[in-house]
Structures are given as structure tokens and as C-alpha cells.
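Student: Below is one structure. I have some questions about it.
Every number here is computed from the coordinates shown, using simple stated rules; none is lab data. From a predicted model like this one, the values you see are computed outputs, not experimental measurements. Methodologically, a virtual Cβ is constructed for each residue, glycine included, from the backbone with ideal geometry; neighbour enumeration extends over all protein chains shown.
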Amino acid sequence: NDFEALAWGAPVIPEAELASLGGPAEGDPHAAIAVLGPGTGFGVSALVRDASGAAVAMPSEGGHACFAPGDAIEDEVLRILRRRYDRVSIERLICGPGLLNLHRALAEIEGRETHIDDPAEITATALSDPNSPCGATLARFCAILGAVAGDIALTTGARGGVYIAGGIAPRILPFLKASPFRERFERKGRFQPYMAAIPTRVILHKHAALLGAARVAFAAYS
């Protein structure tokens, strides 16, 4: 499981290979961390730690958990996607193909046509023109990513930090930083102070999973 390896690797990634998306500089060093992110799919893992320094990584299929709308527009997105998918998971929206699903659903809500059939075109247009419909799609994508990251942080108790991995986040980093990601991450009702204390970072290291695999191998043979 590549995200299991990423969970092992996240704590040893050099600071220069991490980009902050908000929150404090450091989380609780004894608490769990969560690693998640969109690419061709949506991966999720967590590293559970205790005061003695012991840790265990948890592989999961968290990307296949149900998508939870956060506002009226997302209610409509869910309704539209249910016509195509009997069950709408996070991965139906927050990954490369999911970006296209989201763009088409938003176009239908707004009553406009779209002939885009490549997620890369949505991203490229959004980065060059944030005020375009593609820009609105990517902003919504980042907002939902923030909400999902917050849900996973709550589920895993990831007070040690949340790390965003995968191929998409580093490519859209300036856009992601300016997006509603962190606002939606923290928007958890009475648990907003709990969320505000959790750092969120993007993994920029291209071989972070190999760092994790090496860490496991070193522990096994040392």
C-alpha cells in the first residue's frame, strides 16, 4: 500500500520538502498523523504513535468512504452523481477523474455546456484564469479536499498533523494555498478549536514513500 509507506515516511521528510497549508508549525509529537491525497485515485493512511515512540501505520481504503456534502451546491453535486453512481464515494470527486465529474456536475447546476473531457485541461485553465468556470471547479475541489482532510483528521485523531500527498496537490500548490482548503478543514462546528491546532502540509518530496519503506526496512534489520 503506497499510502502506508507514505505514513511511515511523512515524519522524516525534510522541512524543505513540505509546504504549509495552515495551522501551527508543529502538531502533538505523540499523536497520530494522517496522510491522504488525490492522484489517479484517493489514498488514505495514518501513523499511530504513543508516548514511548512506538508507531504503526494503518493502510486503509478511506478514499471509498461516502462523500459528505458541505453546502447546498455540494448537495446538488451529490444528487447529479447519484444518477451515474449508485453510491458516491470521496474518490468519485477528489482525484483526477473526479475533477472531471465535479466540473460536469457544476456545469449542469449552472445550466451551461462543457466539452472538456480531460482533467488536465481543467487544471491548466484554472491556474491561468482562476475566475473561469474551471477555476471555480478547482476551488470547489480544494474546498472538498479540505473538508475530507478534516473528517479524516477527526476520525484518526491526527493531532500530530495532516499530510497531503499524491500527484495533484504539488502541481496546484499556490492555488491550493489561496483556496478554501483550510477554512473547510477547520469548519467542524464545536470542534473548530481542535482542528485549528492541527498543522496541514503538502508533501513535495518525490520519493516520500521510498523514505517510508526504507524506514521500515532499517527497523527490521537493525
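Student: Can you tell me which of VAL35, VAL12, VAL202 moves the most in a GNM of the chain? Springs connect C-alpha atoms under 10 Å apart.
Tutor: Among VAL35, VAL12, VAL202, the largest mean-square fluctuation in the Gaussian network model of the chain belongs to VAL12.
Student: Relative to the present Cα-Cα distance, how much length would full extension add between ALA124 and HIS30 at 0.36 nm per residue of separation?
Tutor: 29.9 nm
Student: Another one. Based solely on C-alpha atoms, express the radius of gyration and the Dmax of segment 43-119 in angstrom.
Tutor: According to the Cα coordinates of segment 43-119, Rg and Dmax are 16.7, 57 Å.
Student: Relative to the compact globular guide of 2.2 N^0.38 Å, what is the alpha carbon radius of gyration of segment 69-222, as a ratio?
Tutor: With N residues counted in segment 69-222, Rg over 2.2 N^0.38 Å equals 1.15.
Student: Based on the alpha-carbon set only, what is the convex hull volume of segment 109-161 divided per residue, in Å³? Before the final figure, lay out each step's value.
Tutor: Numbers: hull volume 5.9 nm³, N = 53.
In segment 109-161, the Cα convex hull volume per residue is 112 Å³.
Student: Also, quick follow-up: Using only the Cα atoms of segment 179-222, what semi-axes does the equivalent ellipsoid have when each is the square root of 5 times a gyration tensor eigenvalue? Give whole Å, largest first.
Tutor: After scaling each eigenvalue by five and taking roots: 34, 14, 6 Å.
Student: If you don't mind, another one. Residues with beta-carbon under 15 Å from that of GLY53, excluding GLY53: net charge, scoring Lys, Arg +1 and Asp, Glu -1?
Tutor: Neighbourhood net charge equals 0.
Student: Can you show me the helix-derived [θ] at 222 nm for the chain, built from DSSP H runs with n ≥ 4 at -39,500 (n - 2.57) apiece and divided by the number of residues, rounded to the nearest 500.
Tutor: Rounded to the nearest 500, the figure is -14000 deg cm²/dmol.
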